[in-house]
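As structure tokens, the structure follows; a few thoughts come after it.
The values are calculated or read from the model by the stated rules, or taken from the named source; none is laboratory data. Quick caveat, the model's predicted, so the values are computed rather than measured. All Cβ positions, glycine included, derive from the backbone under ideal geometry; neighbour counts span all protein chains shown. Accessible surface areas use protein heavy atoms only, side chains included; no ligands, DNA or RNA. Shrake-Rupley method; radii C 1.70, N 1.55, O 1.52, S 1.80 Å.
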Amino acid sequence: MNEQDVERLLKDKGIIRHRKKIEATIQNSRNVVRLQREFGSFREWIESLPNDVEAKAAMISEMFTYMGPITAKSFLEATGFIPVEHDKQCHLFEGKSLQIKPIGTADRGEVQQFFHQHWGSPEMVLSTGVFHCERLPGFLYRNKLGEIIGLITYVTHGKRSIEIISLDSVEEGKGIGTSLLQAVEAEAIEQQVRQIEVITTNDNLHALGFYQKRGFQLKELVVNGVEKARQLKPSIPRKSADGIPIRDELKLVKTMR
């Protein structure tokens, strides 16, 4: 778009006819296109920013005109990169519009059904033990119809760490997994837990990328760790859908500030 487009838009009664805002919209669009080319997608650029919410919002604000830190933070909430904040006195705090909530007693039956539907069983077997995910603490994410479309469960090892046992999102690419993970991070900070850890398998390249992009680091390789788990649960497949042998466990850790 050029100056002639700006002049044309200034006569459009269907928009806010403010020259600087129109020019800012054009320039901001150019910035998005540039970031897409440089990082592969606009989302990848946002995920490359610091995990600290205030720092992330500040960098978005610096990149775009007419977008202050508060607006940037609202954008991150609206797009699912960070949990939506509500004042505890707000009538929406416990309302259905708050999509992420801790798993409650009333949710257990639905959570069990979710695991049966998407995992085949709520039982998670790692080399460290057997976990019944439907009984664990965690957070769930509901859509506007009230259906569970995302779920995260964890166990707490005192003040040492919180271990993520399961994380699943039915709808990919909407920031649901990120929001659920951030809910656990907020819980760790509140409980003054030093770190969050998660174990995945060598074939799960998606999980390895997901966690590392969000500040986790590889800490430990358990060679043939899946074989130990397979002794407890023989139904664990030996190869992934891509033909990768499933045999080793990798532990990733994120240290909380």
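Quick one: with all protein chains in place, what share of the accessible area of the chain is carbon or sulfur, to the nearest percent (1.4 Å probe)?
Of all accessible area on the chain, carbon and sulfur atoms account for 52 percent.
Short-range pairs are left out: with C-alpha atoms under 8 Å and at least six residues apart, the relative contact order of the chain is 13 percent.
For the chain, a Gaussian network of Cα nodes joined below 10 Å ranks 168, 52, 107 by mean-square fluctuation, and the top entry is 52.
Summed over the residues of segment 142-255 and divided among them, the accessible surface reaches 52 Å² per residue at a probe radius of 1.4 Å.
Averaged over its residues, segment 38-85 has an accessible area of 53 Å² per residue, based on protein heavy atoms and a 1.4 Å probe. Under a Cβ-Cβ cut-off of 12 Å, what is the net charge of the residues other than residue 237 that fall near it, where Lys and Arg count +1 and Asp and Glu count -1? Net local charge, residue 237 excluded: +3. The angle between the Cα long axis of helix 69-78 and the main principal axis of the chain comes to about 50°, on a 0 to 90 degree scale.
With n ≥ 4 as the cut-off for DSSP H runs, can you work out [θ] at 222 nm for the chain, using -39500 (n - 2.57) per run divided by the number of residues, rounded to the nearest 500?
Estimated from H runs of four or more residues: -12000 deg cm²/dmol.
Karplus-based coupling profile of segment 146-159, in residue order and whole Hz: x, 7, 6, 10, x, 7, 9, 10, 7, 10, 10, 9, x, 8, with θ = phi - 60° in 6.51 cos²θ - 1.76 cosθ + 1.60 and x standing for Gly or Pro.
Over all directions, what mean area does the Cα convex hull of the chain project, stated in square nanometres?
About 17.3 nm², averaged over all directions.
Projected onto the charge dipole of segment 2-93 (+1 at Lys/Arg Cβ, -1 at Asp/Glu Cβ, origin at the Cα centre), which of 6, 81, 41 gives the Cα projection farthest towards the positive end? About the Cα centre, the residue reaching furthest to the positive side is 6.
Taking the Cα centre of the chain as origin and charging only Cβ (+1 Lys, Arg; -1 Asp, Glu), how large is the dipole, in debye to the nearest 20?
The calculated dipole for the chain is roughly 280 debye.
Shown here are the Rg and Dmax of the Cα trace of segment 1-84, at 14.6, 42 Å.
The per residue volume of the convex hull around the alpha-carbon atoms of segment 1-43 is 73 Å³.
Say a site is exposed when it is one of the GluC sites (Glu not before Pro), sits in a DSSP loop, and has at most 15 other Cβ atoms within 10 Å; what is then the longest site-free stretch of the chain? Looking at the chain, 173-257 is the longest stretch - no exposed GluC sites (Glu not before Pro) with at most 15 other Cβ atoms within 10 Å. Taking only the Cα atoms of segment 69-215, the ratio Rg/Rh comes out at 0.95, with Rh defined as the Kirkwood radius. Pairs spanning more than 31 Å between alpha-carbon atoms, out of 228/254; 11/56; 144/233; 73/239: 11/56; 144/233; 73/239.
Here segment 138-257 has an Rg and Dmax of 15.1, 43 Å, counting Cα atoms alone.
If you average 1/r across every pair of different Cα atoms in segment 173-233 and take the reciprocal, what Kirkwood value do you get, in Å?
13.5
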